[in-house]
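To start, the structure under review is shown below, and the notes come after it.
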Amino acid sequence: MSKSKVLFIMTGSIACYKACHVVSRLVQANCEVQVVATPSALKFVGNATLEGLTGKPVVSDMYAAGNVMDHIHLMRWADVVLVAPATASFINKAAQGVGDDLVQTLFLAHDFKKPFLIAPAMNTSMYKHPVTQKSLQTLRDMGLQILETASGILACGEEGWGKLLEPDLILKFTLEALQNKGAAVPSEAISFKTASKVKVLVTAGGTQEPIDTVRVISNLSSGKTGVTIAESLTQMGFDVTLLQAHGSAKAEHVTRQDFFTSFASLDEKMKNYLSSEEFTHVIHAAAVSDYSVDSIEVNGVKHRPFEVKKVSSDADHLNIHLKRNHKIVDRLKDYSKNKSLQVIAFKLTSHASTEEKQKAVNKLFQGSHADFVVHNDMTDIDIVNKTHKFTLHSPSGAVACESLERLSSELIHALMPKDTL
């Protein structure tokens, strides 16, 4: 089978470093990739990096010897064209038909007979600017495929839309475009079809242990980690069921969602799901209480939870008696109908030393027989700058993940059937 030909255009953005990951994955998928980069893009990533990834010299100067007709030849050569990252400047010029440099003349040489994908990346204000939004719509109306930006922490430190879509999703859309065109489909494209055969149960959010009908003991979990992972897996084609706490972060794209409140309800629902359906993986990101309320003592009189509809605020003394909960994660493989179930467990520590962190991870591996453990420490969470670091542990080693998006990407690779990669 001949290789699919990808014309990969980079414009000047800090997100160029993420685009390099897409280039690498396309080459691994047996695509022939030719990079065209603007001079500003080459200030973020070097010629040597891109040539090393593709095995081809980077094209940048339209007026270099032998390159004068590249804008015609390259467009005829390609099976698919991808612009990633696409800056506001590129998008607005393209919409107006400006052809003042190589990448703009490449667009003007497009014959609309092959897929042309654009993955924007810019500051939120630039992305939401009426001119940019009008230009994006103009390009859509022409038949170009716009890969909508993600929301998250931007290079400027602000949070919002404008973030380059995750590399794995750009890869997915590019391979799908090749397949729809009828071009030589790389073997990797099969993996996205195969992803639908991977059935994943994801938990997210914190449990609430009732004291009376209006008060609970809970934790600070927002559910964002589990929900983000579930969303990423869904967009990659995995069969995802999201079991989340009431009031946790909202999932926009996961079609199958269920909810839990207390430890008992989470335990029961996980047991029911796993015993009745053939899940291949569980990503257990929920923050589960180690204790539940056994009884409450109001002014010396003991009650079971819910026996008192609402403890009076006039009570001088309220004692809460707790009982230890079993570790749900330790029972998941016993609950499972599929005896080959793989478990991804989560461990949070607080201001732990390196030795203490590793000890906690090892203990979780031993108790739960997990296949992977995701660890983070309270010191890895920066609420002010909205950053969150993780480490993904497996029996073969550990991978540091500087963001939730990177963790999601690593989990996608971990869950993908190995014979399709």
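Per-structure values
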item	result
Coil-residue trypsin sites (Lys or Arg not before Pro) of the range 309-343, DSSP, other Cβ within 10 Å capped at 10	Lys309, Lys310, Lys339
Mean-position separation - Cα centroids, the range 359-421 and the range 102-128, in angstrom	35 Å
Loop-located chymotrypsin sites (Phe, Trp or Tyr not before Pro) in the range 109-153 whose Cβ has at most 16 other Cβ within 10 Å (DSSP)	Phe112
Additional length obtainable on full extension of the chain from Glu148 to His321, 0.36 nm per residue less Cα span	57.2 nm
Å³ per residue enclosed by the Cα convex hull of the chain	173 Å³
Estimated translational D of the range 307-374 in µm²/s (Stokes, Kirkwood radius over Cα pairs; 10 °C; 1.306 mPa s)	104 µm²/s
Max mean-square fluctuation residue, GNM over the chain, Cα-Cα springs under 10 Å, options Met122, Met142, Met236	Met142
Longest exposed-site-free window of the chain, the sites being GluC sites (Glu not before Pro) in a DSSP loop that have at most 14 other C-beta atoms within 10 Å	1-147
Overall Cα dimensions of the range 4-187, principal axis frame, Å, largest first	39, 33, 33
Tensor-based shape of the range 24-127 (alpha-carbon gyration tensor, a/c under 1.5 rounded, otherwise prolate or oblate)	rounded
Estimated inter-spin distance, Ser2 and Ser276, nm [label 7 Å along Cα→Cβ]	5.3 nm
Potential lengthening between Lys56 and Gln366 on full extension [0.36 nm per residue; Cα-Cα distance subtracted]	106.8 nm
Dipole magnitude (debye, nearest 20) for the chain, charges at Cβ of Lys, Arg, Asp, Glu	620 debye
Dipole of the chain [Lys/Arg +1, Asp/Glu -1 at C-beta], most positive-end residue of Gln145, Ser60, Gln358	Gln145
Largest-first principal axis extents, alpha carbons of the range 86-139, Å	31, 22, 16
Rg/Rh for the range 204-356, where both radii come from Cα atoms and Rh is the Kirkwood radius	1.04
Qualifying trypsin sites (Lys or Arg not before Pro) in the range 26-124, DSSP loop, other Cβ atoms within 10 Å at most 12	Lys113
Cα-projected label distance for Val214 with Ser350, points at 7 Å along beta-carbon direction, nm	2.8 nm
Whole-number percent relative contact order across the chain, with pairs defined as alpha carbons under 8 Å at least 6 apart	11 percent
Computed FRET value (nearest 0.05) for Asn180 with Val384, which takes r as the C-beta separation and R₀ as 41 Å	0.40
Nearest-20 debye value, the range 69-115 charge dipole, Cβ charges on Lys, Arg, Asp, Glu	140 debye
Angle in degrees between helix 263-276 and the longest Cα principal axis of the chain, rounded to the nearest 10	60 degrees
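Read-outs: derived from the displayed coordinates by stated rules, not from any lab. What you see is a predicted model, and the numbers here were worked out from it, not measured in a lab. Note: ideal-geometry Cβ built from the backbone for every residue, glycine included; neighbour counts use all protein chains shown.
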